[in-house]
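See below for the structure under consideration.
None of the figures in this text is laboratory data; all of them are computed from the coordinates on show. Given the structure is predicted, the values throughout are model-derived calculations rather than measurements.
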Amino acid sequence: MVTNQPEPQPRETPEDDMDDMYEEEPRRWAWGAIASVVLALALVFVGYQWNHTASRAEALGAQVSGLRAEAETQRLRAEDAQRQVDVIQKRLVAMSAEKDSLAERIAMLEKGAPARPVAAKAEKPRATKATAATPSRPGATPVATRSATTKRAP
């Protein structure tokens, strides 16, 4: 009679455990190595970005201080220009008032002065270029009418 006995299962030996351990460990080590390389690259990238950002922040700080100085200069120039405009406006008001007073004075003088005859003005002989150019000495030539060749050299 044959009895059915279960088949004996192979027992695990310590060597089998060691083989399993060596098989799994390289897989863990590979993932760990990959993760550490990725983390190292990320750290280098973040460090580079940090350094780049710090230098950029310094450059922007310098630009901001330069722009503040320029803005202050422009503000001072605007104040000076406003002061000049105020002075010019005051002078304009003063000149307008002076012009008005002179116009009133002229109007008052014209009303009070007798009318002059126009014929008296026409009787005066006027000097013309022809009469002004005639020399008082017979052989003299006026300097204004001399040509460049007849002028004396100093």
Legend entry - Volume of the Cα convex hull of the range 74-113, divided per residue and given in Å³: 29 Å³
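Using a ≥ b ≥ c from the Cα gyration tensor of the range 49-105 (square roots of the eigenvalues), is it rounded, prolate or oblate, where a/c under 1.5 gives rounded and otherwise the larger of a/b and b/c decides, a/b for prolate?
Working: a/c = 14.42, a/b = 9.77, b/c = 1.48.
Prolate is the answer for the range 49-105, as a/c is 1.5 or above and a/b outweighs b/c.
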